[in-house]
Each structure stands twice: as C-alpha cells, then as structure tokens.
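First the structure, in the form of structure tokens, and then the observations on it.
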Amino acid sequence: MTDRELVDLALEARKHAYAPYSHFAVGAALLCQNGRVFTGCNVENSAYGSTICAERTALVKAVSEGCTAGWTTIAIAGSGSDFCWPCGACRQMLYEFAPNLRVLAARSDGTFESALLSQLLPHGFGPESLQ
C-alpha cells in the first residue's frame, strides 16, 4: 500500500468522527506488515477526559483483533490546515507497540509529511524500559 492510499483511508475514516465539542474531525489508518489496515476516528464525549483520539481508536482495534506487532505506518488526517501530528498520549500508546513506526501527518487537503515515531517521542518509555 502506498503512503497516498493510506492517507486517503485516514481521510475517509475522518468522515465518521464524532466531534460535537471541538468540531475537529480526525481519522487514522494503521498499516501492518501483513497488509491489514485498521482505521479509526476521534470520538468525543461530554466528559472530555473520556474522549478517544483517532490514532488510539485504530490502535485499540488492531490490538483487539490480535495484531500487536508488525505495525509499519500510521496516517493521521485532521480537518484543519495544519499537519495533524499525534498528541502526547497517542505517541506514548503507539510507542508501546511500535517505537519505529512511520507517522504520516496529513492536512485536510490530503498533503502530508512523514516522521518516525521515535523522532516525535525521543527517549520514549516502552516495555524494554522495564527490563
């Protein structure tokens, strides 16, 4: 799958966002080595702390379906004019499973930039830190 195709899937997932409070819809698409893609969108809640980001929705779907390894790339598409990079909580959750994950951060028009998760969360804390 190309980066463009993955970003397009994130843009499509964004259409399902439930964002009545921030009005900032986000979609994500997580690609695994075996070609499976898990998509997600942000789901807000009136108890703001209960809100879940698109990246974590995709991550939880992957884990709940038995895919806990082999993640290669995640595309994140927001509804704004800036590139949509993952928040700190999402960076930490993703780092738990794939410290070297490629992150594609897209604008609402579909243009995107790329970085490694390890660059976005330097000196990250993961399972290897507990040994």
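The values are calculated or read from the model by the stated rules, or taken from the named source; none is laboratory data. Fair warning: this is a prediction, and the values are worked out from it, not measured in the lab. Reconstructed Cβ throughout: ideal geometry from the backbone, glycine too, with neighbour counts over all protein chains shown. When the accessible area is computed, the model is the full protein with side chains, heavy atoms only, and any ligands, DNA or RNA have been set aside. Shrake-Rupley method; radii C 1.70, N 1.55, O 1.52, S 1.80 Å.
From Cα pairs below 8 angstrom and at least 6 apart in sequence, can you work out the relative contact order of the stretch 62-107, rounded to a whole percent?
It rounds to 51 percent for the stretch 62-107.
Could you tell me which trypsin sites (Lys or Arg not before Pro) in the stretch 1-94 are loop residues by DSSP with no more than 11 other beta carbons within 10 angstrom of their beta carbon?
K15
Identify the chymotrypsin sites (Phe, Trp or Tyr not before Pro) of the stretch 9-61 meeting these criteria: DSSP loop state and at most 16 other C-beta atoms within 10 Å of the C-beta.
Here the sparse-neighbourhood loop sites are Y21, F24.
Per residue, how much accessible area does the stretch 1-106 show when a 1.4 Å probe rolls over the protein heavy atoms, in square angstrom?
Heavy-atom accessible area per residue stands at 47 Å².
Before rounding to the nearest 500, sum -39500 (n - 2.57) across all DSSP H runs of length at least 4 in the chain and divide by the residue total; then give [θ] at 222 nm in deg cm²/dmol.
-8000 deg cm²/dmol
Give a residue-ordered list of calculated ³J(HN,Hα) values for the stretch 58-74 (Karplus: 6.51 cos²θ - 1.76 cosθ + 1.60, θ = phi - 60°; whole Hz; x for Gly, Pro).
4, 4, 5, 4, 4, 4, 5, 9, x, 9, 10, 8, x, 6, 10, 8, 10
Run through the DSSP bridge list for the chain and note the antiparallel percent, rounded to the nearest 5.
Looking only at bridges with both residues in the chain, the antiparallel portion is about 75 percent.
What ³J(HN,Hα) values, in whole Hz, does the Karplus curve 6.51 cos²θ - 1.76 cosθ + 1.60 give for the stretch 11-18 when θ = phi - 60°, with x put for Gly and Pro?
Coupling constants for the stretch 11-18: 4, 5, 4, 4, 5, 9, 4, 10 Hz.
Given a cut-off of under 8 Å on Cα pairs at least six residues apart, what relative contact order in percent is computed for the chain?
21 percent
With 5 Å bins from zero, work out the P(r) of the stretch 1-108 over every alpha carbon pair and list the percent per bin.
In order of increasing distance, the bins hold 2, 14, 26, 27, 19, 9, 3, 0 percent.
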